[in-house]
1. Only helical DSSP H runs with n ≥ 4 go in: add -39500 (n - 2.57) per run for the chain, normalise by residue count and round the 222 nm mean residue ellipticity to 500 deg cm²/dmol.
2. What residue among Thr69, Thr53, Tyr37 has its Cα farthest toward the positive end of the dipole of the stretch 24-81, where the charges are +1 on Lys, Arg and -1 on Asp, Glu, each on the Cβ?
3. Taking the Cα centre of the chain as the origin, how large is its charge dipole in debye, to the nearest 20, when only Lys and Arg (+1) and Asp and Glu (-1) carry charge on their Cβ atoms?
4. Mind checking the full-extension length gain between Ala27 and Arg227? Use 0.36 nm per residue of separation minus the Cα-Cα distance, one decimal, nm.
5. Return one whole number: the accessible area per residue of the chain in Å², for a 1.4 Å probe.
6. Using the basic label-point model (7 angstrom from Cα toward the beta carbon), what is the Gln126 to Asn159 distance in nanometres?
7. Would you work out which of Gly107, Leu22, Leu144 lies farthest towards the positive end of the dipole of the chain? Charges go on Cβ: Lys and Arg +1, Asp and Glu -1.
8. When the chain is modelled as a GNM with alpha-carbon springs shorter than 10 Å, which of Lys31, Lys58, Lys181 fluctuates the most?
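The values are calculated or read from the model by the stated rules, or taken from the named source; none is laboratory data. On a predicted model such as this, the values are computed, not experimentally measured, just so you know. Cβ sites come from the backbone with ideal geometry, for glycine too, and all protein chains shown count toward neighbours. Please note that ligands, DNA and RNA were not included when accessible areas were found on the heavy atoms of the full protein model with its side chains. Shrake-Rupley method; radii C 1.70, N 1.55, O 1.52, S 1.80 Å.
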Amino acid sequence: MTTLFISDLHLQEERPEIARALLNLLADPGKNVEALYILGDFFEYWVGDDGITPFQDKIAHAVKKFSETFAPVYFMHGNRDLLIGNQFAHQAGCTILKDPCIIDLYGEPTLLMHGDSLCTLDVAYQRFRRATRNPIIRWLLLKLPLSYRISSIRKLRSNSAKQGPMKSRDIMDVTSDEVIKTMEKHNCQRLIHGHTHRPDRHTITVNGKPAERIVLGDWEKQGWILRSDDKSLELKSFPINQ
Ligand code: MN
């Protein structure tokens, strides 16, 4: 059996080729897939489940079809789509996971995270993150009129567009101390996360033993997927056709 991991697609109407690459993957995920994990920043932005666009709705449909045809889908919030809620989860037929979360990946306890909480050098962002993860603040944010949320996100997006695509918060790398502290706390020798747009596999030392940190890639220039079975893990890129 095989388990798939993806993150940081930053799906948006302006990049239809990325959505097409995802739809192709969902229609033909390969043999014996038993689960798909989406580790955040699936969408470029999310104003709330009540503001789902026809584009986002189409993606939700495709995810649901995948879950009915092939395997269950698990979704973890990223910083871009942290307002995704139960209505979307229902529409897309997926289960929302807490960040962090531990899964048993073919016998190996594996820690899953989006990765933004590991970038502790960005102190201002960590403050913002704690606030937006607070259930009361989330509830209040979602109580704001939809039109206001849409115009705020539009403003944020046009500001970050000036800095180049997908930049801003996502360019920070993780702090190694925080990685080791987090893995030791959860007693895991393997971590899989996204967010930093630095796809790679790092051998590190956790609890005095060799451990691994696997970073998923963003889909800005090519697609990235991690495939795991009971024998091996493979982090691979593939072209996104225009
Ligand atoms: Mn992110």
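1. Calculated at 222 nm, the ellipticity per residue is -10500 deg cm²/dmol.
2. Going by the Cα projections, it comes out as Thr69.
3. With Lys and Arg at +1 and Asp and Glu at -1, about 660 debye.
4. Gain on stretching Ala27 to Arg227: 70.4 nm.
5. In whole numbers, the chain has 50 Å² accessible per residue.
6. 2.2 nm
7. Leu144
8. Lys31
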